[in-house]
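Only the coordinates and a few stated rules stand behind these numbers; no lab work does. Quantities reported herein were computed from a predicted structural model and do not represent experimental measurements. Every residue, glycine as well, gets a Cβ built from its backbone with ideal geometry; the counts of neighbours run over all protein chains shown.
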Amino acid sequence: MSNRAQASPLDIVQIAGQIQRYVAGVECTQLAVDDEKLASILYRIISVEETTKQFFSQPLRDQYPNISWQEMTGIKNVVTHTDDPVALEVV
C-alpha cells in the first residue's frame, strides 16, 4: 500500500473535522444567505467522496460493510447533479 493510500483515512477524518468547524453554531438560515460558507462546506463534502472513490477499492469496501460507502461515494451526485437546491438541513 502506498503512503498516499495509507493517508487517505486520515484525510477523510481531517476533512470531516473541517466540515464540523465550518458548521459549528451555524443555522440553516445563515447558510441560506452565506453562499461562501455553503460553498466551502459542499467542497469539503465532495472531497470526502473523491478521496473515498480514489483510495478505497471495492474489495476493501466489502470488508467493512458497516461503513456507509454508498453514501460517501454518492454525495457528489446529490450536490452537483440535482436541479433542486441542496437541502440545507442535510448539509
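Taken along the Cα-to-beta-carbon direction at a fixed 7 Å, the label points for ASN77 and LYS53 span 1.0 nm. Once Rg and the Kirkwood radius are both taken over the C-alpha atoms of the range 3-80, their ratio Rg/Rh works out to 1.02. Extension gain for LEU60 to ALA39 (0.36 nm times residue separation, less C-alpha to C-alpha distance): 4.5 nm.
Using the Cβ-Cβ distance between GLN30 and GLN70 with R0 set to 25 Å, the FRET efficiency from 1/(1 + (r/R0)^6) comes to roughly 0.25.
Counted by Cβ distance under 9 Å from LYS76, the other residues give a net charge of -1, where Lys and Arg count +1 and Asp and Glu count -1.
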